[in-house]
Amino acid sequence: MIQLTATETVATAAGYAVPAWAMIPFAVMLIMIAVGPLLARKWWDKNSHKLFVSLLLGAPVAVFLVRHGLAHELEHQIVYDYLPFVILLLTLYVITGGIHVSGDIRPSSGINTAMLGTGFVLSSFMGTTGAAMLLIRPVLAVNEKRKYKVHTLLFFIALVANCGGLLSPLGDPPLFMLYLRGASFTWFLNMLPEWLFTGGLLLLIYYLCDKFYFSKKEDPSAFEMPEQRQPVRFRGRKNFMYLMGVILAVAFINPTFIPQMDAPDAKFWVKFLREFVLLALMGISLYTTASHVRYGMNKFSWNPILEVAALFLGIFVTMTPALLYMEENAARLGFDEVWEFYFSTGALSSFLDNTPTAVAFHSLASGLPESVAAAGTGIVNGVFEGVPFVAGIPEILLKAISIGAVFFGSLTYIGNGPNFMVKSIAESQGIKMPSFFGYMAKFSLVILLPVYVLLYFIFL
């Protein structure tokens, strides 16, 4: 895949200064995503309406970019960012949708913690959406007879649907976009200490909380297992092999290992070799997985991925002027400290989609004076002195953006796509989940946010 850095993009746009008002459609797009489900759920639930909003806001932006000589930047966003992004999510969604877990397991705090921990680990390798969809139903089944289980689902959202995905570009969409901008596949493993700290602390808090509910609030006699217990069983196991294929494809099918992909005269199928391999793996999964497993047991639906494709088309088009503006004006916007990138990325990722947020702050960081940052003079009292650059920005800033985007997506239901999916599945089984603001007041602001603040002071 051709990878253009933010600096290269600015060079192509140097002939026209993008005005601040050009970011308005992007802001409106994000506001619609945030408030649409709250104000007009029935209308918003239809994917055709989401596509309509994307086209309504995206079309004027596309015309604006072409008229001002920025067609190349628009092409880059759609062809080299949007399409790989959607294809990766589609592949992960389809493959994990072919895996079904069943069996009789007696609920306990240890079992629940082990299941959340397993999901936390799997998220980095099959994506937060894939891991959440794979494990949410087994978690609900194990805790079916529990009176107090909402807290388990809240920690599930934090650990499996968000924080677990920090260690690879497969884990969470914002990381894949940063991977496309130059971070290597293995670079994300550098955040292992932050990942272990956050996951370990949240799992410990969950275990103590669940132990309290289990020992003080529950009736142990309600959890007796039937004499004929069904053993734990995985159906569609061949899909784990296809997932390994996805990991290998993303890790090794790129210009670092195949320089021909980045050649100016490379053929279309060479530039997009990785995407063709991913689509092939998806097709094999669809062909080889029994329909009763995918559609019967897992109740697989195409709606969630169609929703993502519809919304992100508008996001990627409308955010192009915003990215160009931030690149061109980074120095005067006043963002030059690590904490600003960490908490600002996190705050916006909590209420807006974390993928464009991460991309926007990467563009902002790439617009900082590289010579000044590299020399460690004038920015954060020399904190960047001797710090290597990754994906065109100081490594410490890339860490701050990555962690902020991934972790803070758990602070609201709308911070990351799987959050709402988990909530919807739980409510479909009669579980009363907290409201939008109840989730924040009772869980994320009192448990998650202090952990993320502590992480900053220890690691960043």
If we ask which residues in the range 397-422 are in contact with an Asp or Glu (Cβ under 8 Å, 6 or more places away or on another chain), in a helix (DSSP H, G or I), crowded, with 24+ Cβ neighbours inside 10 Å and not small (Gly, Ala, Ser), their number turns out to be 2
Among Gly110, Gly98, the single one that is in a loop (DSSP other than H, G, I, E, B) and farther than 20 Å from Asp172 by Cβ is Gly98
Condition set in a helix (DSSP H, G or I) and among the small types (Gly, Ala, Ser), scope the range 180-213, selection surrounded by the fewest Cβ atoms within 10 Å (Cβ to Cβ): answer is Gly200
Of the residues in the range 337-366, those that are modelled with pLDDT of 80 or more and acidic (Asp, Glu) number 2
Of the residues in the range 253-276, those that are free of Cβ contacts under 8 Å to residues at least 60 places away in the same chain and either part of a helix (DSSP H, G or I) or among the acidic types (Asp, Glu) (or both) come to Pro259, Gln260, Asp265, Phe268, Trp269, Val270, Leu273, Phe276
Could you go through the range 161-179 and let me know if any residue there is in contact (Cβ under 8 Å) with a residue 12 or more places away in the chain, among the charged types (D, E, K, R) and outside any helix (DSSP H, G or I).
yes
Filtering the range 236-252 down to residues that are over 13 Å from Phe125 (Cβ atoms) and at pLDDT below 85 yields Phe252
Scanning the range 142-159 for residues that are touching a residue at least 60 places away in the same chain (Cβ under 8 Å) and part of a loop (DSSP other than H, G, I, E, B) gives Lys145, Arg146, Lys147, Tyr148, Lys149
Within the range 127-145, the residues that are surrounded by fewer than 21 Cβ atoms within 10 Å (Cβ to Cβ) and of a type outside the set (A, V, I, L, M) are Arg137, Pro138, Glu144, Lys145
Review point. Met297: at pLDDT 80 or above, of a type outside the set (Ser, Thr, Tyr), surrounded by 15 or more Cβ atoms within 10 Å (Cβ to Cβ) and closer than 30 Å to Glu194 by Cβ, yes or no?
Key: no
Considering the range 272-297, residues that are under 18 Å from Arg237 (Cβ atoms) and small (Gly, Ala, Ser), and then whichever is nearest to the chain's Cα centre (by Cα), we arrive at Ser285
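When only residues in the range 100-123 that are within 21 Å of the chain's Cα centre (by Cα) and crowded, with 23+ Cβ neighbours inside 10 Å count, which is farthest from Ala251 (Cα to Cα)?
Residues of the range 100-123 within 21 Å of the chain's Cα centre (by Cα): 115-123.
From what is left, the residues that are crowded, with 23+ Cβ neighbours inside 10 Å are 116, 119-120, 123.
Numbers: Leu116: 26, Gly119: 21, Phe120: 20, Ser123: 16 Å.
In this case the residue turns out to be Leu116.
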Return yes when Val383 is modelled with pLDDT under 75 and in contact with a strand residue (DSSP E or B) (Cβ under 8 Å, 6 or more places away or on another chain) and no when it is not. no
So is Ser366 within 18 Å of Pro174 (Cα to Cα), touching a strand residue (DSSP E or B) at 6+ places or on another chain (Cβ under 6 Å) and surrounded by 15 or more Cβ atoms within 10 Å (Cβ to Cβ) or not?
yes
Pairs returned, first residue in the range 83-112 that is acidic (Asp, Glu), second residue that is surrounded by fewer than 20 Cβ atoms within 10 Å (Cβ to Cβ), beta-carbon separation under 6 angstrom, 6 or more apart or interchain, are Asp104/Met225; Asp104/Arg229; Asp104/Gln230
Condition set farther than 8 Å from Ser350 by Cβ and of a type in the set (A, V, I, L, M, F, W, C), scope the range 398-416, selection modelled with the lowest pLDDT: answer is Ile414
Residues of the range 307-351 being part of a loop (DSSP other than H, G, I, E, B), surrounded by fewer than 20 Cβ atoms within 10 Å (Cβ to Cβ) and touching a residue at least 40 places away in the same chain (Cβ under 8 Å), in sequence order, are Glu337
A careful count of residues in the range 92-117 that are of a type in the set (Val, Ile, Thr), at pLDDT below 85 and under 13 Å from Ala141 (Cα atoms) gives 2
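The values are calculated or read from the model by the stated rules, or taken from the named source; none is laboratory data. Because the structure is a prediction, the values reported are computed rather than measured. For neighbour counting, all protein chains shown are included, and Cβ atoms are generated from backbone atoms with ideal geometry for every residue, glycine included.
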